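Trainee: Dropping the structure in here first, questions after.
What follows draws every value from the coordinates through simple rules; no lab data is involved. Not measured: the values here are computed from a predicted model. Quick reminder, even Gly has a Cβ in these numbers, built from the backbone with ideal geometry, and neighbours come from all protein chains shown.
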Amino acid sequence: MTQGDIFRALKLDRGYVSSLESGKRNPTLAMIEKIASALGVKTDELLK
């Protein structure tokens, strides 16, 4: 899944997703849950 796929699925700004991926920003627990859901994985799998 590309960054574009993720930000479209979550209806987020591409820059925000990029900053999460690069470690420049820290996601909230709610955002982690949304990202896991968009990727079709459990939250604990995303955090491994």
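Trainee: Quick check on the chain: helices-only [θ] at 222 nm, where DSSP H runs of length 4 and up contribute -39,500 (n - 2.57) each and the sum goes over total residues. Nearest 500, please. Could you put the intermediate results ahead of the total?
Mentor: Working: 4 runs with 32 residues, N = 48.
So the helix-based figure for the chain works out to -18000 deg cm²/dmol.
Trainee: Taking Rg/Rh (Cα atoms, Kirkwood Rh) straight from the coordinates, which label in (i) 0.92; (ii) 1.28; (iii) 1.10 is the correct one?
Mentor: (i)
Trainee: Now for a different question. Once the dipole of the chain is set up with Lys and Arg at +1 and Asp and Glu at -1 on Cβ about the Cα centre, which of Met1, Thr28, Gly15 lies farthest towards its positive end?
Mentor: Ranked along the dipole, the leading option is Gly15.
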